[in-house]
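Presented below is the structure to which this report refers.
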There are 2 protein chains.
Amino acid sequence: MLNEKLTLNQELDVYPSRIKAKLEIIPRKDPVVYSEWTPESAVTEEQSDFYEQNGYLFLEQFFTEEEITEFQEEARRLQISARTNRTDVIVREPNSDEVRSVFAIHRINAVFQKLSRHPRLMAIVEYILGGQTYIHQSRINYKPGFTGKEFYWHSDFETWHVEDGMPRMRALSCSIALEDNFHYNGPLMVVPGSHKQFVACVGTTPENHFKHSLRKQQYGVPDDGSLTELVKQGGIDTPVGKAGSVVLFDCNIMHGSNSNITPLTRSNVFIVYNSVHNKVQEPFSGQRPRPEFIATRKGL
Amino acid sequence: MLNEKLTLNQELDVYPSRIKAKLEIIPRKDPVVYSEWTPESAVTEEQSDFYEQNGYLFLEQFFTEEEITEFQEEARRLQISARTNRTDVIVREPNSDEVRSVFAIHRINAVFQKLSRHPRLMAIVEYILGGQTYIHQSRINYKPGFTGKEFYWHSDFETWHVEDGMPRMRALSCSIALEDNFHYNGPLMVVPGSHKQFVACVGTTPENHFKHSLRKQQYGVPDDGSLTELVKQGGIDTPVGKAGSVVLFDCNIMHGSNSNITPLTRSNVFIVYNSVHNKVQEPFSGQRPRPEFIATRKGL
């Protein structure tokens, strides 16, 4: 039955997930760093090696205080207007109306459009992904104090592949801290080295899954056994620092975050860069693509 | 109306809470350390001062590996038997049947009874509380991996005072780590210095509140404004270390913990020591006392 429904895409699927009833961990079939390092590269050789081995890079104080103040003020303006705004690009907290994320910020806002094209940042992104990129998704996450809920463990690539049709692992996320991050206010946790393995998940994806998954993840969730194994191998890192620090992380690294009961909010800007050689196709789930504000298709 | 219902206890209540509609922060009216420090004291002068100022003390590697192995094995045995045991002393996770806590372990189990009377530990407890103590409550918290939920901010004393009738602040909790604790697996968070202020909470307590509050706290919860102020003054500490480390903390320190999505469980033994000069009376709420396994009354 399932075979009859296979699209051309699924036949060529090198990272099948949510298809079988059985869990599987398969090795990554793609490079991590797509450029040859030279002394002219945008990162040091140590940084390049660290990213290759661990799947992420932490850049402390990447932005100046002046730049960060501008981003903070703009993010705050967006949050206030989002409270009374009922458009698609706004996602709220489960069980409350508080704004959790605003999407497509590089399109709807001039300040964040400029940020998304920051030359020093772009040089690093293009070094890692080996040339020209485009933005697959962007958003601000307003992780509120007191009631900030966890994001469960996931590989972004698993979702982008199954639900958006991203063929290969040639994308990365850039997380810019708009506030000081501490180890106790629900920071990003990554499993170093987990980007070199692909955890195929069980179950099929319901239609319009995105409407719920952005609030609470239920499909595309790795099992306890796989997570235990990955953490046993790589441990857990929590790259935290002052506002203006940046974490770049591979599309396939296993990551998540705990809840945040502290009074300290933890707003971050997220921008996902994808290689122009890796543009999205039909979703590998065989289902309708997710909306434009979650996964760009226009103008590809 | 409320006045007519006041018991004798409530008239003498120096820490009124859940009585008024208004929030209030009042200064502590009791000492923190009840003994005069001398070179013969069970702690150093620095440790004594640290506890007085911050409201807690972290003792790394307090127990030997051998002792901890025994505690771990016994805790595991208790958890396994608790899974199929439907007695009162077992509290489960919200939304699952997994065992969250087993109470009264110093009574139902010989290993933990011995632990609760550990001479080196007792010497410190008696130094801080100024003489003889008894156990108000004891439990193992099995904070499971993957789905461990948060404990929201609270002062234990607020609950013990209102619901158990503990008159003054002359008690402390002892938390013994049965596993290595990390900053990312939902460790205890404390607000240093918060033990010197009492946050009176809003609202009255429903009857049999304990049945729900041990799973999910809803009453006796401090408001956002008070928490923000306390954290602004004292910050947040997360005393973490290897299995066998001990945290002693004052009954009135504001504390809580975030969720734990990591695979790493975080079992702890909790023992609450109260001064014999501070035995519980009628609950200040005017309601029925909580059960014996949560707050000892027998033999007082």
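Taken about its Cα centre, chain B carries a charge dipole of about 1100 debye when Lys and Arg each add +1 at the Cβ and Asp and Glu each add -1 at the Cβ.
Over the whole of A:258-269, what's the average partner chain Cβ count within 10 Å per residue? Rounded to a whole number, please.
Values: counts 11, 10, 3, 10, 9, 12, 3, 0, 0, 0, 0, 0.
The shielding value for this peptide is 5.
Which of rounded, prolate or oblate describes region A:19-177 when judged by the alpha-carbon gyration tensor and an a/c cut-off of 1.5? Judged from the Cα gyration tensor, region A:19-177 comes out oblate (a/c at least 1.5, b/c at or above a/b).
For B:Lys242, the aspartates and glutamates whose Cα falls under 15 Å of its own Cα, not counting residues fewer than eight places away in the same chain, are B:Glu60, B:Glu65, B:Glu66, B:Glu67, B:Glu179, B:Asp180. Once you order the gyration tensor axes a ≥ b ≥ c over the Cα atoms, which shape class does the protein assembly as shown get: rounded for a/c under 1.5, otherwise prolate or oblate by comparing a/b with b/c? Cα axes put the protein assembly as shown in the prolate bin.
May I ask you to derive the FRET efficiency for B:Ala110 and B:Lys279 from their Cβ-Cβ distance with R0 = 30 Å, giving the value to the nearest 0.05? The pair B:Ala110/B:Lys279 has a calculated efficiency of 0.70. With its label point defined 7 Å out from Cα along the Cα-to-Cβ axis, A:Thr69 lies at 5.9 nm from the matching points of the other copies, in increasing order.
Quick one: A:Trp37, A:Trp160, fewest Cβ neighbours within 10 Å first, how do they rank?
The fewest-first ordering by Cβ neighbours comes to A:Trp37, A:Trp160.
Remark: label point of B:Trp37 defined 7 Å out from Cα along the Cα-Cβ vector; separations to the same position in other copies 5.0 nm, ascending.
Checking the cross-link pairs A:Lys149/B:Lys22; B:Lys143/B:Lys232; A:Lys149/A:Lys298; A:Lys196/A:Lys279 against a 30 Å limit on the alpha carbon distance flags A:Lys149/A:Lys298 as lying beyond it.
Per-residue mean of other chain beta-carbon atoms within 10 angstrom of the beta-carbon, peptide A:145-152?
Averaged over the peptide's residues, the number is 4.
By other beta-carbon atoms within 10 Å, ranking B:Ser285, B:Ser101, B:Ser96 with the fewest at the front produces B:Ser96, B:Ser101, B:Ser285. Under the simplified labelling scheme, the A:Asp13-A:Glu46 pair shows an inter-label distance of 4.3 nm, with each label point 7 Å from Cα along Cα→Cβ.
Summarise the partner chain shielding of A:184-190 as one whole number: the mean count of Cβ atoms from other chains within 10 Å of each residue's Cβ. Please report the intermediate quantities before stating the final value.
On the way: counts 10, 3, 3, 2, 0, 4, 0.
Taking the mean over all residues of the peptide, I get 3.
The packing ranking, built from the mean of other Cβ atoms within 10 Å per residue, places the peptides A:177-185, A:59-67 in the order A:177-185, A:59-67, highest first. Note on chain B: percent of Cα-Cα distances in each 10 Å bin, starting at 0 and stopping at the bin with the largest distance, equals 6, 28, 38, 23, 5, 0. The HN-Hα couplings worked out from phi for region A:178-185 by the Karplus form 6.51 cos²θ - 1.76 cosθ + 1.60 (θ = phi - 60°) are 8, 9, 4, 9, 10, 6, 9, 10 Hz, whole numbers, x standing for Gly and Pro. Taking every alpha-carbon pair under 8 Å whose residues sit at least 6 apart, region A:2-278 reaches a relative contact order of 34 percent. The ranking of B:Val89, A:Val190 by Cβ neighbour count inside 10 Å, starting from the fewest, reads B:Val89, A:Val190.
Remark: label point of B:Asp180 defined 7 Å out from Cα along the Cα-Cβ vector; separations to the same position in other copies 2.9 nm, ascending.
In chain B, the DSSP-assigned H stretches of four residues or longer account for a calculated mean residue ellipticity at 222 nm of -7500 deg cm²/dmol, using -39500 (n - 2.57) per stretch and the full residue count as denominator.
Measure out, as a whole number of angstrom, how far apart the alpha-carbon centroids of region A:235-300 and region A:62-81 sit. Using only Cα atoms, the two centres lie 19 Å from each other.
Laboratory data are not the source of any read-out in this text; all were calculated from the coordinates shown. As the structure is a computational prediction, the values presented were derived from the model and not from experiment. For neighbour counting, all protein chains shown are included, and Cβ atoms are generated from backbone atoms with ideal geometry for every residue, glycine included.
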